[in-house]
Amino acid sequence: MKTISLICLLILFTSCSNKEVSEKTNSGQAGYSFENLFYNNEDTILIKSQFADCGEWGGHEELLKIYDSERKIKLAYIKYKINCSKRDDKGSIVQEKDVTKNFILSKSQQTVLINYMNNLMRLKFIEREFGNSGNFFSVEDSKGKLRLFQYGNNPHLLNNYNTLMKSLGLSKVDIKNK
C-alpha cells in the first residue's frame, strides 16, 4: 500500500511542469520538496547508476544519496572508476572509489532531482530493450517503499542522467565501449 502511495506521488510530480512547481511555491501554497519525504534523519533517497563501459560485463557505478541533515537537504555523490581487465575472484569488475562530493542542495537542484525522477518514471513506458549490454538507472528509498529502475541503451536514459549531472555541477557520463 505504501509503495502504491509513493508511485502515485511520482505520477503527481509528472503531471506538473517546472513553472507550476515554482508558481505554487511563490504563491505560498505547499510546493514539491524532498523535505516532504523525510520524516527523520534515517530516511534517504538513493539514485544509483551503472554504465556499460565494458560492454556486457558492465562498467563504473555512480551513487547519489539524498538525505536530511539538520533540516537541510544534502547530497553525497560517489563515482567509481574501473579497469575493464581487472576482475575479482568472482569475475566481476573491480570498482574503486574515484570521486566523492558532499553539498547542500538548493531549491533549484532539488527541483532538478525531482524532474530526473519524473523523467525516469516516464521512460518506464518506452519499448523494452533486450540485450546483454546496457546502462542501469534506479531510484529507491532506504525504507524499501520506493523502487524505480530502468535498463537499456536508449539515449533518453543517458541524456536524462547527464542533464541531472550538469545541473548539479557534476561530470557528465561519456560511455566508450571497450
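The values are calculated or read from the model by the stated rules, or taken from the named source; none is laboratory data. Nothing here was measured: the structure is a model prediction, and the numbers come from that model. Glycine gets a Cβ as well: all are built from the backbone with ideal geometry, and neighbour counts include every protein chain shown. In case anyone asks, the SASA skips ligands and DNA or RNA and just uses the protein heavy atoms, side chains included. Shrake-Rupley method; radii C 1.70, N 1.55, O 1.52, S 1.80 Å.
At a 1.4 Å probe radius, carbon and sulfur cover how many percent of the accessible area of the range 84-154?
Here it works out to 50 percent.
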* S108 paired with E56, simple spin-label distance in nm, labels 7 Å along Cα-to-beta-carbon -> 4.5
* Per residue solvent-accessible surface (Å²) - the range 40-168, probe of 1.4 Å -> 55
* **For the range 61-122: Kirkwood Rh in Å [reciprocal of mean 1/r, alpha carbons]** => 13.8
